[in-house]
Amino acid sequence: MKTRVPAKLDPPRRILVRGVNWLGDAVLTTPALLRLREHFPGAHITLFCPDKLKELWWQHPAISEIIAFESRAAAWVTGRVLRTGKFDLALVLPNSPRSAMEVFFARIPARIGYARPWRNFFLTQTVAPRAGAVPMHKRTEAEIKGLIAGRPAARVPYPASAHQIHEYLHLTAALGANPAALAPQLTVTPEEVAAVKKKFGLEALSRPVFGLNPGAEYGPAKRWPAEKFSAAAKEIQTRTNCLWLIFGGKNDVTPATRIGQGIEHQNLAGKTSLRELMALLKLCRVLLTNDTGPMHVAAALGTPVVVPFGSTSPELTGPVSADGVRHQIIKSDAPCSPCFLRECPIDFRCLNGISSGQVAATVLQAVG
């Protein structure tokens, strides 16, 4: 694939970054945004993101301004809104045709993003796929059954450069920024932490606060079984006298209620804003979680995470450790993992093979 490169441009004064659409992916873009700010320290950098993610970026050191959009709006409508910003350059982080069309309709003179079918026309500079990229190959049911039966399969190598953060760093490097990896970074203030303590009655608490996040929007193949979460939480509480904060969205209220039976907890599923979730995750000593958006949020805030991995790969999308904070990944020996499927077509052995005792011991080690 050939890379289209425009004529040399003057350093941009006003940069629009078209952000990604999902919480976990958004967190993984923060190293690239920090490198972009480092390379253009005097530029006004505006992040254009879905309305549901706008709170994530409040007070972030890489961002000067946030423009949020509703996903139902047509690309030409959002593009027309963006014209008033008089941007010199647009960096398009998603790979979708729509995201390239938005900056095209905004009439931004320099528009940079990955080369992909059906969208290259809308960009002035297309960036070829990076050499270290490893695709997430979704296994077929036949492949999975073959692996279970012991038939050999070619293992996809996972170099250090395979992690998703490098996808975004590669794009900013096309603008001259440093491509070296950084850990994802988010910010909450002490005032925000104090506010959630007051709102949720945690001000006078003298016992440790642990977080538990049993949901995963991608699908059931990423969810460690609820009964295992419950058993691990009981054992950990017996050993530490912790208070569990159970997180999740509105769809997680029922499993969160089931997991909370028999332990001292607050069920906060569906009860927090994104900003409140961030402050509460910052407050936690540790987060026991599936591979999902709040996992990345907690890790970027410096909270240790313990994660049972099954259908997905920590080498590609796992939490990134920084500043002495070590995150703990737990995997079974299932030969079909990772399959990258939303639902398991066989017996869910990748996550069923991880015991509650194993997870409890790992959490205790993380806080010890």
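Quick note: the coordinates plus some simple rules give every number you see, no bench work behind them. Worth saying up front: this structure is predicted, and the values here are computed from it rather than measured. Positions of Cβ are generated from backbone atoms using ideal geometry, with glycine treated the same way; all protein chains shown enter the neighbour counts.
Sparsely packed loop sites in the stretch 6-106 (the GluC sites (Glu not before Pro) outside DSSP H, G, I, E and B with at most 11 other Cβ atoms within 10 Å) comprise GLU70. If you plug the beta carbon distance of GLU217 and ARG13 into 1/(1 + (r/R0)^6) with R0 = 35 Å, you get a FRET efficiency near 0.40. Given Cα positions, please report Rg to Rh for the stretch 29-88, the hydrodynamic radius being the Kirkwood one. With Rh from the inverse mean 1/r over Cα pairs, Rg/Rh is 0.98.
Counting neighbouring beta carbons within 10 Å and listing from fewest to most, the residues ILE165, ILE67 come out as ILE67, ILE165.
Between GLU55 and ILE329, the distance separating the two model label sites (each 7 Å from Cα on the Cα→Cβ line) works out to 3.0 nm. If the segment from THR254 to ARG80 were pulled out straight at 0.36 nm per residue, it would be longer than the present Cα-Cα gap by 58.4 nm. Label point of ASN241 set 7 angstrom out along Cα-Cβ; within the stretch 261-302, amide nitrogens under 20 Å from it belong to 262-266, 284-286.
Of the peptides 138-150, 268-280, 73-85, 24-36, the order by per-residue mean of other Cβ atoms within 10 Å, starting with the highest, comes out as 24-36, 268-280, 73-85, 138-150. With Cα atoms defining each centre, the stretch 95-111 and the stretch 10-61 are spaced 16 Å apart in the structure. Here the stretch 190-367 is described by how far its Cα atoms reach on the three principal axes: 47, 35, 30 Å, from widest to narrowest. Modelled spin-label separation between ARG151 and ARG72, with each label point placed 7 Å from Cα along the Cα-to-Cβ direction: 4.8 nm.
Scaling the Cα radius of gyration of the stretch 14-173 by the globular reference 2.2 N^0.38 Å produces a ratio of 1.18.
How would the chain be classified by its alpha-carbon gyration tensor: rounded, prolate or oblate, with rounded meaning a/c under 1.5 and the a/b versus b/c comparison settling the rest? Here the chain falls in the oblate category.
Placing a pseudo-label 7 Å from each Cα along the Cα-to-Cβ vector at HIS44 and SER206 gives an inter-label distance of 5.3 nm. The angle separating the long axis of helix 226-240 from the principal Cα axis of greatest extent in the chain is about 70 degrees.
Each residue of the stretch 277-368 gets 98 Å³ once the volume of the Cα convex hull is shared out per residue. Comparing THR303, THR46, LEU287 along the charge dipole axis of the chain, the residue lying farthest to the positive side is THR46, per the Cβ-charge model. On full extension, the segment bounded by GLU343 and GLU65 gains 96.2 nm, given 0.36 nm per residue less the C-alpha separation. Take every pair of alpha-carbon atoms less than 8 Å apart whose residues are at least six positions apart; their mean separation over the length of the chain yields a relative contact order of 16 percent. Using the Cβ-Cβ distance between PHE121 and TYR158 with R0 set to 30 Å, the FRET efficiency from 1/(1 + (r/R0)^6) comes to roughly 0.35. With n ≥ 4 as the cut-off for DSSP H runs, can you work out [θ] at 222 nm for the chain, using -39500 (n - 2.57) per run divided by the number of residues, rounded to the nearest 500? That calculation yields -9000 deg cm²/dmol at 222 nm.
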